[in-house]
Amino acid sequence: MLYHLLLQTVKTQQSAGVSPGQPHLLLYELDDGEDVKKAVNDLSQAASGGSLYVIADEVMSEWSLGYRIQNFWTLCDKLLTPRLHLWAACCYHEYAPAGWQVECLTRPLRSPPAVVREVEQDEKMTTHRYVHPYNKRGVPDHTDGPPVKRLYHRSQGHSGYFPVDCVTCGREVASFLHSLRVGVTESSTTTSTTLTSTSSGTTPCLQWRDVLVLHSNYVSDNSGVVTGLQEAGIPVQVMKDDDIEDVATARTDVVWVSSRDHVRGLERKVVVCVKDYEFERSAIYLEQYNLSSVRLDLMSRCTSQLVIVSPDD
């Protein structure tokens, strides 16, 4: 997504007669020592012709894997040259390379207060302190945001052990999306104005590309929640590796369904978070298995309407 935004900026500058540099998207697996060597060689060679600016996002998402952290530190050390400028972002705050300047950004500028209150209950923020808690927003909140919508995987009419396996849960999510008038355009300003608005007085309701359905684990085309959405007429597609560019740019007007590993950093106006049963987890257990945080990894993607599908509590 960042790469495509930079491309748009370059094209705009070029049309104005400016000759900026060219962005390049490089993908490396930092848990692979050979890829670290390749990254060092590629970037060092690029820097030999002039200044090089590197943005590394979510560099330690799999932060519990010690070799991944060590490999990133090695990468940073080997790239230290006067011509190199490197910025790296990660939500975990104790793993920066020694001697590097660290800036903690804790203002909740993505999500409205209603969503922030859900995210900040994550145990990685409240109990284990792997992630800094939110600070004050610093700008006025004109609205609390749409209330969080909660749906429950209860026994009557529901099937499967988990909500993601339940067709009825999918139908209930679809019903709520229809109530938001997703995919409908109106000339009235009385509907859906909490989610989108325009200066012309016409209110285009949400598009399907504004909706993301996320699950902490694997989701297949045959998952019950996907089937329920499809039966209700929702254009839905399960995200595969080859779809990353399409999802990042919101090119196709469909509701994407994905696991959390595919969507770090993305934002959507409507996020449907499909939860599993939760258990008490120790800090050692969290660190050893790097378990997904439903609140931190999934709910924080939401910029307006959050929907939570939970097991019967």
Å² of accessible area per residue within the chain, as computed with a 1.4 Å probe and no ligands counted: 55 Å²
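Based on the Cα coordinates of segment 60-189, what is the per residue volume of their convex hull in Å³? Before the final figure, lay out each step's value.
Details: hull volume 29.5 nm³, N = 130.
Here the figure is 227 Å³ per residue.
Can you tell me what the convex hull of the Cα atoms of the chain projects to on average, as an area in nm²?
Values: hull surface 76.2 nm².
Mean projected area for the chain: 19.0 nm², to one decimal.
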Kyte-Doolittle at least 0.0, axis length at least 15 Å by Cα - qualifying DSSP helices, the chain: 167-179
Other-chain or far-sequence residues with amide H under 5 Å of residue 54's (modelled H): 85, 86, 87
Residue 152 long-range amide H proximity, modeled H, under 5 Å: 310
Residue with peak Gaussian network fluctuation, the chain [Cα springs, cutoff 10 Å], from 102, 270, 164: 102
With 5 Å bins from 0: P(r) over segment 1-138, alpha-carbon pairs, percent: 2, 8, 15, 17, 17, 15, 13, 9, 4, 1, 0
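So how do 181, 129 rank on accessible area, 1.4 Å probe, biggest first, that is with the largest at the start? Display every interim value, and only then the final one.
Values: 181 95, 129 120 Å².
My answer, sorted largest first, is 129, 181.
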For residue 254, distant residues with modelled amide H under 5 Å away: 209
Residue 312 - accessible surface, heavy atoms, 1.4 Å probe, Å² rounded to 10: 80 Å²
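Could you compute the longest span of the chain free of chymotrypsin sites (Phe, Trp or Tyr not before Pro) located in DSSP loops and having at most 13 other Cβ atoms within 10 Å, not counting the site residues? Could the numbers behind the result be given before it?
Values: sites that count: 100, 161, 218, 277, 279.
With a cap of 13 other Cβ atoms within 10 Å, the longest stretch comes to 1-99.
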Under the Karplus curve 6.51 cos²θ - 1.76 cosθ + 1.60, θ = phi - 60°, whole-Hz ³J(HN,Hα) for segment 141-149, x wherever Gly or Pro sits: 8, 6, 8, 6, x, x, x, 5, 8
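Probe radius 1.4 Å, ligands and nucleic acids ignored: give me the carbon and sulfur share of the accessible area of the chain as a rounded percent. Mind showing how you got there, number by number?
Numbers: 8580 of 17260 Å².
The value for the chain is 50 percent carbon and sulfur by accessible area.
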Shape parameters for segment 93-167, alpha-carbon atoms, Rg then Dmax in Å: 18.0, 58
Listed residues 106, 9, 143 arranged by accessible area, highest first, probe 1.4 Å: 143, 9, 106
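The values are calculated or read from the model by the stated rules, or taken from the named source; none is laboratory data. Keep in mind that this is a model prediction, so the values were computed, not measured. In this analysis, Cβ positions are derived from the backbone assuming ideal geometry, glycine residues included, and neighbour counts consider all displayed protein chains. Ligands, DNA and RNA are stripped out before the accessible areas are found, and what is left, the full protein with its side chains, is counted by its heavy atoms. Shrake-Rupley method; radii C 1.70, N 1.55, O 1.52, S 1.80 Å.
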